[in-house]
Amino acid sequence: MTKSALLRRGVFLFIGAALMSVGLEIFLVPNKIIDGGITGISIILSYLTHVQVGLFLTLLNIPFLFIGYKMIGKTFALSTFFAILVMSIGTSLLHPVHELTNDPLLAAVFGGIILGIGVGMVIRFGGSLDGTEIIAILVSKKLPFSVGEIVMFFNLFILGSAGFVYSWDRAMYSLIAYFIAYKMIDVTIEGFDESKSVWIISDSFRQIGEAILDRLGRGVTYLEGEGGFSGDNKKVIFCVITRLEEAKLKSIVGELDPKAFLAVGNIHDVKGGRFKKKDIH
């Protein structure tokens, strides 16, 4: 990894961990609202023991540094350690700061947004601030449940416990915060400008490919294919577009070959190649 790439990763890990600190100490913790995973457990323990939440987040995540090192690698472990360190210091510095709102709904919404962006940024740049998924991966090897199902059960248990520790209305606010944070993590990791991959099978592949290049400004690649039923050789057009260009691409294909096979899928990241848009007319 080059020095510039390392610096970029460090900057975004710092920003992500700092945002998580803000979401916790300025919005969620003072209003007795929790999130899922290790974060939720840490908030509850902080409330019961009157110890700062950052200490529990650090202590509970330390075991997953070693597990993550073995499962994912050294870079992941170091990135996670750096993010946890920044987050812990950030929560300590922000702990004396007064919360921005006493309205639990506002706290749940804005706390969830800020927390989700922060956690998503850390994940996107190779780290982690919650060992829940690592637990789920280990447990799923011994139980007939998927990783996603285990994470869901785990978080429902944590969010439900907020009803016993605080009150049931706080548990419901916590569910709102968790849902918003979950969606913001996805948006942050995948990006707002989501790309789409397109596969087209048509006898008019050359005309369709040239039309996509000329009228949409996107490069195409012709792949060799073979029909599983007929055994005929087929040309497969592959290209990557943005979601705003999907309707125009379908219009082009429908105009040149209404019977063409067309498949469109979501892509989270596009790097390299010639994805940059060309001039169109």
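The values are calculated or read from the model by the stated rules, or taken from the named source; none is laboratory data. Here the structure is a predicted model, which means the values were calculated and not measured. Neighbour counts are summed over all protein chains in view; Cβ atoms, including those assigned to glycine, are modelled from backbone coordinates with ideal geometry. Please note that ligands, DNA and RNA were not included when accessible areas were found on the heavy atoms of the full protein model with its side chains. Shrake-Rupley method; radii C 1.70, N 1.55, O 1.52, S 1.80 Å.
Numbers for the structure displayed
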quantity: Restricting segment 73-102 to residues that are closer than 14 Å to Ile62 by Cα and either outside the structural domain of Gly120 (by the TED database) or polar (S, T, N, Q) (or both), the residue that is surrounded by the most Cβ atoms within 10 Å (Cβ to Cβ); calculated: Thr80
quantity: Number of the condition not met by Leu55 [criteria: (1) open to solvent by less than 30 Å² (accessible area, probe 1.4 Å); (2) closer than 20 Å to Gly111 by Cβ]; calculated: (1)
quantity: Residue that is surrounded by 17 or more Cβ atoms within 10 Å (Cβ to Cβ), free of Cβ contacts under 8 Å to residues at least 40 places away in the same chain and among the aliphatic types (A, V, I, L, M), where the choices are Val220, Val198, Val240, Val253; calculated: Val220
quantity: Failed item in (1) open to solvent by less than 40 Å² (accessible area, probe 1.4 Å); (2) under 29 Å from Met172 (Cα atoms); (3) free of Cβ contacts under 8 Å to residues at least 60 places away in the same chain, with Ile34 passing the rest; calculated: (3)
quantity: Lone qualifier among Gly131, Gly111, Gly120, Gly127 - being closer than 20 Å to Tyr173 by Cα and open to solvent by less than 20 Å² (accessible area, probe 1.4 Å); calculated: Gly111
quantity: Cross-chain or 6+ apart pairs with Cβ under 9 Å, segment 1-16 first and under 20 Å from Gly90 (Cβ atoms), then open to solvent by 100 Å² or more (accessible area, probe 1.4 Å) and assigned to a helix (DSSP H, G or I); calculated: Phe12/Arg124; Gly16/Arg124
